[in-house]
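Okay, structure first, notes after.
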Amino acid sequence: MNRNYKDRLFRFVFKNKKDLLDLYNAINGTDYDNPEELEVNTLENVLYLSMKNDLSFLIDAELNLYEHQSTYNPNMPMRGLLYFAGVYNRHISSREINIYSSSPKVFPFPQHIVFYNGTQEEPDRKILKLSDLFRRPNGEKEPCLECQTLMLNINYGHNRELMKKCRRLEEYAIFVDTIRKNQAKGQDLQEAVEASVESCIAGGVLADILRAQKAEVVQMVLEGFDQEAYEKAMKKEGYEDGYQEGKEDGYQEGKKSGYQDGIEQGIERGICGLIRSLKEFDIPKEQILQKLQDTYELTEEEARGYIDKICR
């Protein structure tokens with residue numbers, strides 16, 4: 001399933017300021033009750049949230065970046081750093097803050113939160129650090145940059161206390177979980193979505209949205225499903241991850257000829273990942289063979305060798 005459909009659905013569910021404020025309160029332990037006090041800006045599918053009048057802080061004292069991910073991504077802290085850099089640059093320019101001044105300036109307090117509901121098992125809460133992504137030099141040097149991303153698992157059954165505080169978030173989790181369960185029963189995507197819509201309406205889950213915009217929600221999910229695009233994404237990710245792992249292995253080996261071996265091993269892992277992902281969707285063996293030949297420029301014999309020997 002194309003990862004983007006749940007991303008779009010998440011933003012769609014929380015497009016109402018009241019629901020977004022409830023989510024904000026649940027995350028921050030606050031009790032704001034005026035949705036118009038919430039400033040919302042969207043850039044590159046990321047929500048930037050702040051309160052216009054927070055009595056406990058200065059105006060613009062807090063900047064929240066909310067992002068949804070339906071696949072686990074350990075690189076979120078780097079993305080967060082780049083997002084914040086752009087936001088702070090605009091903040092400085094729009095307010096004409098003199099950062100060359102000899103006096104310290106005050107800037108919004110940053111918080112980067114990722115709402116995760118992929119199928120890979122993850123804990124309720126996980127801190128991802130930018131510093132963990134840096135290649136460490138010899139010695140005891142510490143990086144001058146850090147960005148921490150709080151990843152919250154919003155799959156149904158996780159973060160129960162958070163779900164209690166934000167009913168809309170719980171309803172979203174139930175709806176996605178219902179679609180997955182229907183697909184696990186053997187229903188195709190359209191059947192799974194339509195059945196989920198009806199059962200959720202009957203159960204009072206996202207009922208107001210689903211009743212009023214049923215066709216839009218169904219179409220939103222269906223348009224996100226593209227088997228060919230999914231397979232290409234899996235191939236690309238499997239290849240790039242394996243290739244990079246192999247390259248890193250080779251790099252660490254230095255002049256020991258392990259560099260090229262590491263790259264080749266990485267490519268093999270990428271090919272193996274592609275084969276396994278295609279098998280999960282019951283793609284016929286002949287089609288898998290053809291995809292391997294087209295994608296990795298393999299002969300039929302080489303492709304069969306990978307299937308028979310590596311991915312048995």
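The values are calculated or read from the model by the stated rules, or taken from the named source; none is laboratory data. Model, not experiment: these values are computed from the prediction. Reconstructed Cβ throughout: ideal geometry from the backbone, glycine too, with neighbour counts over all protein chains shown. With ligands, DNA and RNA removed, areas are computed over all heavy atoms of the protein, side chains included. Shrake-Rupley method; radii C 1.70, N 1.55, O 1.52, S 1.80 Å.
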- Query: How large, in percent, is the carbon and sulfur part of the accessible surface of region 132-199 at a probe radius of 1.4 Å?
  - Reply: 46 percent
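Set the bar at 19 Å for Cα to Cα. Now go through LYS18/LYS164; LYS17/LYS165; LYS18/LYS126 and name every pair that lies beyond it. Can you show the working numbers first?
Details: LYS18/LYS164 16 Å; LYS17/LYS165 16 Å; LYS18/LYS126 27 Å.
Pairs exceeding 19 Å: LYS18/LYS126.
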- Between the DSSP loop rule and a limit of at most 12 other Cβ atoms within 10 Å, which trypsin sites (Lys or Arg not before Pro) in region 62-102 are left? ARG95
- Query: GLU62's amide H: which non-local residues (gap 5+, or another chain) put their own amide H closer than 5 Å, with H modeled 1.01 Å from N in plane and none for Pro or chain starts?
  - Reply: MET51, PHE109
- Message: Just to check I understand the Karplus step: with θ = phi - 60° and J = 6.51 cos²θ - 1.76 cosθ + 1.60, what whole-Hz values come out for region 29-40, glycine and proline as x?
- Response: x, 9, 9, 4, 10, 10, x, 6, 7, 8, 8, 10
- Enter the accessible area of HIS158 (Å², nearest 10), with the probe set to 1.4 Å and all protein chains included. 40 Å²
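Out of region 86-193, which chymotrypsin sites (Phe, Trp or Tyr not before Pro) are coil in DSSP terms and have no more than 16 other C-beta atoms within 10 Å?
Working: sites: TYR88, TYR100, PHE115, TYR116, PHE134, TYR156, TYR172, PHE175; in loops: TYR100, PHE134, TYR156.
Within region 86-193, the qualifying chymotrypsin sites (Phe, Trp or Tyr not before Pro) (loop, at most 16 other Cβ atoms within 10 Å) are TYR100, PHE134.
How large is the direction-averaged shadow of the alpha-carbon convex hull of region 146-191, in nm²?
On the way: hull surface 18.7 nm².
The directionally averaged projection comes out at 4.7 nm².
Working out 0.36 nm times the residue gap between SER102 and ALA184, then minus their Cα-Cα distance, what length gain in nm do you get to one decimal?
Working: separation 82, 0.36 × 82 = 29.52 nm, distance 6.20 nm.
Between SER102 and ALA184, full extension yields an extra 23.3 nm.
How many Å² of accessible area per residue for region 53-147, probe 1.4 Å? Don't skip to the end; give the middle numbers.
On the way: 6190 Å² over 95 residues.
I get 65 Å² per residue for this part.
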